[in-house]
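Notes follow the structure.
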Amino acid sequence: MIIMNDITEKILILLWGGLEFGYSYSPGKKWRALKNVSRRWKQIDEAALHKGIRSLYRLDIIDKIEDLQGFKITLTDKGRFRALNIALNSIKNKGGLWDGKWRMVAFDIPEKYKKGRDALRQRLRKIGFCELQKSILISPYDCEKEMLQLVEFFHVEKYVRFGILEKIDNESYFRGKFKITKSLK
């Protein structure tokens, strides 16, 4: 088990922010990602930053690639998975008022990708999604960005769909499951 402190988690989230920038489709989302990374970057003490980077490098969470302009730090697969887990765990903590929309993840992943399918289903349940059916899960949390990254991590993009529902027939049951009492509607 990897034990990480506050600084190493912040560094990981900052590096993940670079990936978030790359996955952003609109200029507005790219701008928000950059502002978020910039704000967080300014909050880290320089000495703690260097110590945290060395620690992450020793844990094989980041890799240093040297080129003609110096070097750049990238996330390893292990680091991407760790950063993704931090981002996913934050979904349940988003709190605030519910916007009245349900986020749905539906998948039909072939048997040859069983490991990815099972890992995806398990991870969705762990972060608080509820099953509508075995391969259709819903959540009230705004999590499209995290879901796209999770699906890409397991290499099952071709078989997974994400949607936003405005109404669901047994909504009161799911409102109770998620302990939703108030919404913005």
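Please treat every number below as a calculation from the coordinates, not as lab data. Small disclaimer: the values here were computed from a predicted structure and weren't measured. Backbone-built Cβ (ideal geometry, glycine too); neighbour counts: all protein chains shown.
Below is a table of values for the structure above.
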quantity: Restraint check, Lys10/Lys126; Lys51/Lys145; Lys115/Lys158, Cα-Cα greater than 24 Å; calculated: Lys51/Lys145
quantity: Mean Cβ count within 10 Å, highest first, over the residues of peptides 173-179, 127-133, 103-109; calculated: 103-109, 127-133, 173-179
quantity: Extended-chain gain in nm, criterion 0.36 nm per residue less alpha-carbon gap, Lys158 and Ile136; calculated: 6.4 nm
quantity: Built amide H within the under 5 Å cut-off of Ser135, gap 5+; calculated: none
